[in-house]
Amino acid sequence: MSKIAGIFGVRGVLGIVVMMLVASGALRLGAFGFAVAKEASSDEKAVTAPVRAPVGVPQNFEEMLSLIEKRTMELDRKEIALLDREQALKVARQNIDQELERLIETEDRLRATIARVDGAAEDDVTRLTSVYETMKPKMAAAVFEQMAPEFAAGFLGRMNSGAAANIMSALTSEKAYAISVVLAGRNANAPTQ
């Protein structure tokens, strides 16, 4: 640059730089004018022609638009999949709620049935105990001889003590002992406090 400054002087170098800038600007304006004129003459083609990136926009702009469109489509698919999944979960939740209601209803019916059966069984045992209490002690003892000690102890434990004593006295000593052991041990494991 010092050789150029020596030939043209400092002002001359500045003048050359200014002239180059002006020439560059004129070329750009000329290219812009040419592009505007070309665009104005092809208005009819512009309606049907695909959208192109504006002048001065990087070439990868179309690629970026394509990537954004692909990403948008992918997000739309994911959103639809999530909505479908949410709907499926709502349906599953409704099915579970309905099934739970059915189970609760079934459980209530089962409780009622068990209570009815327990009540009926208790009534039967009470009636049978009453029958054994009113039987003659020797006849009742013959029946109790055939029973398992645990079963016989259940009946004798429900009877009034006079009827139970009469039946026990009519039993063989071995059977009376076995029933006594069961009766005595029935509440052995019950808490004392």
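The values are calculated or read from the model by the stated rules, or taken from the named source; none is laboratory data. Everything numeric here is computed off the predicted structure, so don't read it as measured data. As a convention, Cβ positions derive from the backbone with ideal geometry for all residues, glycine included, and neighbour counts pool all protein chains shown. The accessibility values were calculated without ligands, DNA or RNA, using every heavy atom of the protein model including side chains. Shrake-Rupley method; radii C 1.70, N 1.55, O 1.52, S 1.80 Å.
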Task: Residue within segment 58-65 that is surrounded by fewer than 10 Cβ atoms within 10 Å (Cβ to Cβ) and at pLDDT below 70 present - done: yes
Task: Cross-chain or 6+ apart pairs with Cβ under 8 Å, segment 136-160 first and within 17 Å of GLY185 (Cβ to Cβ), then open to solvent by 60 Å² or more (accessible area, probe 1.4 Å) and charged (D, E, K, R) - done: ALA153/ARG186; GLY157/ARG186
